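The values are calculated or read from the model by the stated rules, or taken from the named source; none is laboratory data. For clarity, every value in this text was computed on a predicted model and none was experimentally measured. Neighbour counts are summed over all protein chains in view; Cβ atoms, including those assigned to glycine, are modelled from backbone coordinates with ideal geometry. The accessibility values were calculated without ligands, DNA or RNA, using every heavy atom of the protein model including side chains. Shrake-Rupley method; radii C 1.70, N 1.55, O 1.52, S 1.80 Å.
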Amino acid sequence: MTDFVQSSSRRFVAGAQWPRWHVFYGSPDGSPDSALMAETLRQAVIFLSHLCGVPLTHKFLMPHMSISVEPAVLDPLVPAQVAVELDVKDMKLSGGQLSALTVSARFVVDGTPIGEGAAAARIVNPATYERFRGAVPPVLPGAGEDLLACADVGHATQRNVMLGQSSRPSVWPLRVDPTHPIFFDHPLDHVPGMLLVEAARQAVRAASSRPDADFALFEAEFMKLVEFSYPVDVAVTQLEPHNALGVMRVRLLHQEDILMSLLARVKSPR
């Protein structure tokens with residue numbers, strides 16, 4: 001984030017800069033990266049909440065996020081200066097303090113819309129968060145040595161791979177590296193949502209044999225926190241097998257529980 005301006009009581013504009021080249025995010029065809037767009041929206045919602053008086057000690061739970069990407073091409077010679085137009089659709093207060101909000105977003109570069117999004121957030125104080133978590137073993141996972149090949153999921157290094165080798169068709173075990181600098185730039189007590197979105201995208205890439213595949217749009221529902229101690233499967237179902245745009249559902253499963261469900265339409269190959 002580079003700037004943040006409030007234009008009215010419930011409208012804000014966030015400034016963000018996307019680099020020309022990123023060690024993790026980026027599309028080979030120069031189009032906007034759906035996961036980078038999601039991460040930008042996540043940061044904007046959190047900053048907006050703090051601007052509205054939420055203390056830095058409070059915790060954020062995001063039960064829903066959606067992103068749609070326009071067929072735009074970004075200039076590879078300069079960083080993209082992105083304006084994120086935020087419209088707060090719903091705000092809830094508890095004890096006079098912001099406790100939940102829903103935000104819609106419009107992403108613009110040089111006056112051209114490149115995508116839209118929406119996110120919901122629930123905000124709790126540290127004591128409420130601890131009660132919500134309950135007794136959870138403080139176990140950090142190892143990243144695992146049975147990872148898929150990075151080239152199969154659109155990355156240049158094995159450290160960026162979030163999936164292990166599959167033992168069943170279209171199902172891969174989630175692999176979490178708690179030292180990964182993109183997703184763990186500060187201490188966390190559970191697997192972050194943006195890592196789960198990336199794992200879903202990698203599963204779609206593996207299922208479709210398209211390492212360059214990205215989402216034209218996705219809607220993600222986060223039902224439960226994904227604990228480090230959980231064994232989690234990432235399962236892909238293609239809902240429109242004869243549609244070139246590929247509508248897919250990805251579920252993250254712990255035993256019989258659905259932890260996250262993501263419905264996505266995949267960009268058609270250029």
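What to note about this one:
- Over segment 1-86, relative contact order from alpha-carbon pairs under 8 Å, at least 6 apart, %: 46 percent
- The GluC sites (Glu not before Pro) of segment 163-270 that DSSP puts in a loop, and whose beta carbon has at most 13 other beta carbons within 10 Å, are E256.
- Contact order relative to length of the chain, as percent, for alpha carbon pairs under 8 angstrom and 6 or more apart: 16 percent
- Rounded if a/c under 1.5, otherwise prolate or oblate - the chain, Cα gyration tensor axes: oblate
- Summed residue charge, Cβ within 10 Å of F183's Cβ, Lys/Arg positive, Asp/Glu negative: -4
- With a simple spin-label model that places each label point 7 Å from the Cα along the Cα-to-Cβ direction, the separation between A127 and L61 comes to 1.7 nm.
- Per-residue [θ]222 nm for the chain (sum of -39500 (n - 2.57) over DSSP H runs n ≥ 4, rounded to 500): -5000 deg cm²/dmol
- Partners of K59 within straight-line reach, counting lysines whose Cα lies under 22 Å from its Cα and excluding those fewer than 8 residues away in the same chain: K89, K92, K224.
- One Cα centroid belongs to segment 73-129, the other to segment 246-268; the line between them spans 23 Å.
- Rough spin-label spacing in nm, given labels placed 7 Å along Cα→Cβ, for S8 and K92: 2.5 nm
- Mean Cβ neighbour count within 10 Å, used as a protection proxy, ranking 58-66, 93-101 highest first: 58-66, 93-101
- Portion, in percent, of the accessible area of segment 18-123 that falls on carbon or sulfur, probe 1.4 Å: 56 percent
- Whole-number percent relative contact order across segment 146-253, with pairs defined as alpha carbons under 8 Å at least 6 apart: 26 percent
- Packing here is the average count of other Cβ atoms within 10 Å per residue, and on that basis the peptides 126-134, 6-14, highest first, run 6-14, 126-134.
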